Amino acid sequence: MEEFEAFLNDGGIVEAPDDMPDEYRDAVFTFIEMHANSELMGGLTERDWIPKTPGLRHKMSVVAKTQDEIGHGHLLYMVAADMGVKTRTEMLEDLFDGKSRFHNVFHYQAKTWGDQVAIAFLVDAAALASQQAVFKNCSYGPYRRILKRIISEEGFHMRLGEDRMMRIANGSQVQRDLFQDAINRWFWPSLQLFGPDSKPNDKLLRWHIKSERNEVLRDAWVQKFVPLLQSYGFTIPAPDMKFDETTNRWDVGPIDWEPLKATLAQGGPDSARRISEALSNWQQTAWVREALDAPAPEIAAMT
Amino acid sequence: MSTKQLIDIEPINAAVASVDDPEYPGLSIVDLGLVETCNITDDGHVTIELVPTFTGCPALNVIADDVRNAVAAINGVNDVSVNWLLSPTWTTERVSEEGKAVLADQFTVAVQIGSTVSGCPRCGGPLADESMFGPSRCRSVSRCAACTETIEVMRA
């Protein structure tokens, strides 16, 4: 392990066929699996909104985002399966059985279009910041190369999120109220997405899977989005929030981590419905996978 | 008094070429083959005709905004109109050699022209189809038979 850590510290990149310590393999695999699960669950949330999205302009972006997220999940499941820990089917079964994790923000329900704007604006920014911090210095080559593609597309989603936010913020009072309600619901889950402060000996940092501490990323998000939302006349649902004149920084006050822990144990407000919806979607689309996997003569016989 | 200012097409072309595809930062829309025509009248009206990779592409507004902003910043340009054409249709044959190199080197993305797919951007090995559905209508997913890399393939 010492030799392996020295290799990583020298900027060494691990490829799929390479030898690697089991602890490293498990840590990278679990990380990619959670990312893949989150893309799939996020894509399904987005899909729910295709018929409900107002206007063709936003509808096109929701359709495309759905395909992007599902496509990202697809790529990530391939990269994860290549590590030889679980097959893709095993990963999906574990997801549907509540045995593996996905990001906290997908354990909540997106009730209104305001929620969708908040997700695209606040949550996507938090997810993108986390992914960028992994991409910057990730020691596992296949993941790093796929992340480059994913980050470029998530960066584009940010622009769609800004477009949604600008339109709702410059809209009627009803629209602005809808968005304020959504901020009240999504501010804390977005912030909790970064996780609690990194432990001093965090394996993900030590093995160059992540390159930045959770609290640093979380603080950067706060310093960007608190003043931005305020500049559009929205309020932040943090009663103990203070502005420090000497450092010129916002402090949101104490963070309650209980909601995050609940989601990680599949006990979030919408966890059960989300997971059962993902399972029934998987079952309903079985015929598509069977048709695609069928050898050519069978396809000819079907038509 | 009004003086008619004639401006060159070159800076306009350069401004259009400076716009990158929003999903491939570093890949110019010219190299991606999106730009069909680019014209300017004597009194500074610029018309740019673009071809979408597919009509439902969600990036159309963003790309048009970026082109408009880049061109409007040029001295002597009065107004800019950006039109998306329904014909001709975009195919991967419109991607320039420079564009293919950026896709391969920067994004590990291969390009399919007709039924021919370029080799693995990492090792040159043959690609095996994994799924016809990628993260976008214009992409599918393959795996390199030699180095096992997961590869996105740009397709028409």
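A Cβ-based charge dipole, computed about the Cα centre of the stretch B:1-99 with Lys and Arg at +1 and Asp and Glu at -1, lands at about 260 debye.
Over the stretch A:2-302, what is the relative contact order in percent, taking alpha-carbon pairs closer than 8 angstrom and at least six residues apart? Relative contact order comes out at 21 percent. Could you tell me which of rounded, prolate or oblate describes the stretch B:9-84, using a ≥ b ≥ c as the square roots of the eigenvalues of the alpha-carbon gyration tensor, with rounded for a/c under 1.5 and, failing that, prolate when a/b is larger than b/c and oblate otherwise? Cα axes put the stretch B:9-84 in the prolate bin.
Note on A:Lys199: lysines with a C-alpha under 30 Å away, same-chain residues under 8 apart excluded, are A:Lys86, A:Lys99, A:Lys136, A:Lys148, A:Lys210, A:Lys224, A:Lys242, A:Lys261. Restricting attention to the protein assembly as shown, close to 65% of DSSP beta bridges with both partner residues there are antiparallel. Ordering A:Gln175, A:Ser198, A:Ala238 by the projection of their Cα atoms onto the charge dipole of chain A, which places +1 on the Cβ of Lys and Arg and -1 on the Cβ of Asp and Glu, puts A:Gln175 at the extreme positive end.
Counting only other chain Cβ atoms within 10 Å of each residue's Cβ, the peptide A:78-90 averages 1. Largest GNM mean-square fluctuation among A:Gly98, A:Gly84, A:Gly114, using chain A with Cα springs under 10 Å: A:Gly84. Percent of Cα pairs in the stretch A:64-175 per distance bin of 10 Å, from zero to the largest separation: 12, 37, 34, 13, 4, 0. Mean sequence separation of contacting Cα pairs (under 8 Å, at least six apart), scaled by the length of the stretch B:58-156, corresponds to a relative contact order of 20 percent.
Each residue in A:Met241, B:Met154 was given a count of other beta-carbon atoms within 10 angstrom of its own, and listing them fewest first yields A:Met241, B:Met154.
As a rough footprinting exposure proxy, the listed residues B:His45, A:His58 were ranked by other beta carbons within 10 Å of their own, and the order from fewest upward is B:His45, A:His58. Among the GluC sites (Glu not before Pro) in the stretch A:216-303, those located in a DSSP loop and surrounded by at most 16 other Cβ atoms within 10 Å of their own Cβ are A:Glu245.
Largest mean-square fluctuation among B:Glu97, B:Glu23, B:Glu36, in a Gaussian network model of chain B whose springs join Cα atoms under 10 Å apart, belongs to B:Glu23. Going by neighbour counts of Cβ atoms within 10 Å, the residues A:Lys136, A:Lys59 line up, fewest first, as A:Lys136, A:Lys59. Helices of chain A meeting both criteria, an alpha-carbon length of 24 angstrom or more along the long axis and an average Kyte-Doolittle score not below -0.5, with helices taken as full DSSP H segments, are A:56-81, A:214-231. A Gaussian network model of chain A, with springs between Cα atoms under 10 Å, assigns the largest mean-square fluctuation among A:Leu292, A:Leu40, A:Leu160 to A:Leu292. Legend: mean number of C-beta atoms from other chains within 10 angstrom of residue C-beta atoms, peptide B:142-149, equals 3.
Computed from the coordinates by the stated procedures, all read-outs in this text should not be read as laboratory data. Keep in mind the model is a prediction, meaning the values are calculated, not measured. Glycine gets a Cβ as well: all are built from the backbone with ideal geometry, and neighbour counts include every protein chain shown.
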